[in-house]
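Accompanying notes for the structure given below.
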Amino acid sequence: MYDANRIGSRSVPGGRLALVLVIAYVLVRGQSAFAQQTGFRANRPAPSLAGGTQWINTDGPLDPANLRGKFVLLDFWTYCCINCMHILPELKKLEHAFPDNLVVIGVHSGKFDNEKDEENIRQAVRRYNIEHPILNDPHYAIWDRWGIDTWPSLRLIDPEGKLVWGVSGEVEFATLQREIKSRLPSYRHRGLLNEKPLVFNRERAQGQETPLLFPGKVLADQASQRLFIADSNHNRIVICDLDGRLLDVVGKGAAGREDGGYAEARFQQPQGMAIHGDMLYVADTENHLLRKIELQAKRVTTIAGTGQQRRESRAVTRRRLGDPLRTALSSPWDLCLHEDS
């Protein structure tokens with residue numbers, strides 16, 4: 001059995017060797033534990049992507065073996081997983097940060113039968129505005145070969161085709177950026193990079209414009225005889241009468257988080273709504289905010305959230321009351337009124 005005290009008690013000047021041994025042991029043991037939990041082993045040839053059934057968001061199959069010179073990041077996900085949805089904006093930032101050096105490939109291993117359907121995945125790609133290629137893995141052929149057991153999981157392949165890094169669960173852009181940025185100079189120095197950007201034929205580019213785009217929620221208000229529609233992928237709220245005639249549009253349409261009049265305000269993937277008198281409250285999901293729409297004044301105001309997703313340990317269970325505008329939220333999805341106040 002490992003005995004840290006015994007190793008640390010060896011007669012070494014300054015205790016430096018002992019410290020090195022302890023650190024080395026912890027690192028190796030940590031990597032071993034991670035390997036046992038995730039099936040991840042670094043610095044080995046990356047397994048293949050054989051066994052997938054359909055490629056989406058690209059004209060044809062992609063093989064990491066034919067992408068030498070690029071970092072390839074595999075995202076194992078499924079479209080009904082909220083944690084997978086949280087990672088998608090982080091991946092988009094990463095793709096834009098390294099357009100010449102990185103290819104992201106989503107491996108869609110659906111949890112439920114409906115999530116394995118090709119057309120459903122295509123719709124999800126359009127709904128989430130995913131820019132990278134997606135490979136459908138309905139039979140878990142790739143999932144099993146790569147030793148994945150968690151949605152989402154990320155695996156990084158280096159320009160030589162070796163598996164060099166991986167993580168399971170949610171991860172932020174800064175962590176992903178650091179992993180790639182720290183590795184680039186070495187490969188560039190050795191002349192191993194192919195820095196010509198790749199362009200893929202995206203699903204969204206093939207779609208036709210429609211009056212509504214993946215509307216998330218509808219609220220009917222009998223008192224005012226109005227329908228409020230969260231036109232989620234147009235990043236706005238549409239107001240109609242009960243016969244569907246357009247009355248007003250709240251929001252500029254482009255994703256953002258600006259307050260102001262109807263024409264200037266911006267949302268990002270709004271979802272649930274609740275109405276109280278002339279106030280409409282909106283869960284601005286991808287902005288991690290709650291917004292208030294004053295229907296008479298035609299003005300949008302942020303009432304809760306910081307604009308950054310709340311990320312905290314699952315061990316934290318207590319919630320403290322505080323300033324709503326200084327309290328981070330995580331993907332608010334719907335709203336209901338508590339009492340008449």
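Answer with yes or no whether Pro99 is outside any helix (DSSP H, G or I), open to solvent by 20 Å² or more (accessible area, probe 1.4 Å) and either in contact with a strand residue (DSSP E or B) (Cβ under 7 Å, 6 or more places away or on another chain) or among the aliphatic types (A, V, I, L, M) (or both).
Considered against the rule, which asks whether it is outside any helix (DSSP H, G or I), open to solvent by 20 Å² or more (accessible area, probe 1.4 Å) and either in contact with a strand residue (DSSP E or B) (Cβ under 7 Å, 6 or more places away or on another chain) or among the aliphatic types (A, V, I, L, M) (or both), Pro99 comes out as no.
For the range 57-104, name all the residues that are β-branched (Val, Ile, Thr) and over 19 Å from the mean Cα position of the chain (by Cα).
The one that is β-branched (Val, Ile, Thr) and over 19 Å from the mean Cα position of the chain (by Cα): Thr58.
Taking the residues in the range 134-165 that are open to solvent by 10 Å² or more (accessible area, probe 1.4 Å) and touching a Leu at 6+ places or on another chain (Cβ under 8 Å) as candidates, determine which candidate is farthest from Val107 (Cα to Cα).
Looking at residues that are open to solvent by 10 Å² or more (accessible area, probe 1.4 Å) and touching a Leu at 6+ places or on another chain (Cβ under 8 Å), I get Glu160.
Do we find that Tyr187 is open to solvent by less than 60 Å² (accessible area, probe 1.4 Å) and modelled with pLDDT of 95 or more in this structure?
Criteria met by Tyr187.
Filter the range 219-246 down to the residues that are surrounded by 15 or more Cβ atoms within 10 Å (Cβ to Cβ) and acidic (Asp, Glu) and list them by number.
Taking the range 219-246 as the starting set, the residues that turn out to be surrounded by 15 or more Cβ atoms within 10 Å (Cβ to Cβ) are 219, 221, 224, 226-240.
Within the range 219-246, Asp221, Asp231 qualify.
Here is a list of conditions, (1) out of contact with any Asp or Glu (no Cβ under 6 Å at 6 or more places or on another chain); (2) surrounded by fewer than 18 Cβ atoms within 10 Å (Cβ to Cβ); (3) under 29 Å from Gln308 (Cβ atoms), and Gln271 meets all of them except one; can you say which number that is?
(2)
Would you check which residues across the range 49-88 are surrounded by 14 or more Cβ atoms within 10 Å (Cβ to Cβ), in a loop (DSSP other than H, G, I, E, B) and of a type outside the set (A, V, I, L, M, F, W, C) and list them?
Across the range 49-88, the qualifying residues are Gly51, Gly52, Gln54, Asn57, Thr58, Arg68, Gly69, Lys70, Thr78, Tyr79.
For the range 239-273, enumerate the residues that are within 14 Å of Leu289 (Cα to Cα) and in contact with a strand residue (DSSP E or B) (Cβ under 6 Å, 6 or more places away or on another chain).
Answer for the range 239-273, where residues must be within 14 Å of Leu289 (Cα to Cα) and in contact with a strand residue (DSSP E or B) (Cβ under 6 Å, 6 or more places away or on another chain): Asp259, Ala265, Phe267, Pro270, Gln271, Gly272, Met273.
For the range 102-113, name all the residues that are without any contact (Cβ under 8 Å) to a residue 60 or more places away in the chain and either open to solvent by less than 20 Å² (accessible area, probe 1.4 Å) or in a strand (DSSP E or B) (or both).
Answer for the range 102-113, where residues must be without any contact (Cβ under 8 Å) to a residue 60 or more places away in the chain and either open to solvent by less than 20 Å² (accessible area, probe 1.4 Å) or in a strand (DSSP E or B) (or both): Val104, Ile105, Gly106, Val107, His108, Ser109, Gly110.
Could you tell me whether any residue of the range 249-267 is hydrophobic (A, V, I, L, M, F, W, C), within 15 Å of Leu213 (Cβ to Cβ) and over 20 Å from the mean Cα position of the chain (by Cα)?
yes
Checking His276 against (1) in contact (Cβ under 8 Å) with a residue 60 or more places away in the chain; (2) surrounded by 13 or more Cβ atoms within 10 Å (Cβ to Cβ); (3) out of contact with any Asp or Glu (no Cβ under 6 Å at 6 or more places or on another chain): exactly one of these is not met. Which one?
Every condition holds for His276 apart from (2).
Taking only the range 285-302 into account, find how many residues are surrounded by fewer than 18 Cβ atoms within 10 Å (Cβ to Cβ) and among the polar types (S, T, N, Q).
2
When you scan the range 186-200, how many residues do you find that are aromatic (Phe, Trp, Tyr) and at positive phi?
Selection size over the range 186-200: 0.
The values are calculated or read from the model by the stated rules, or taken from the named source; none is laboratory data. Note that this is a predicted model, so its numbers are computed, not measured. So basically every Cβ, Gly included, is an ideal-geometry build from the backbone, and we count neighbours across all protein chains shown. Side chains are part of the model used for accessible areas, which takes the heavy atoms of the whole protein and leaves out ligands, DNA and RNA. Shrake-Rupley method; radii C 1.70, N 1.55, O 1.52, S 1.80 Å.
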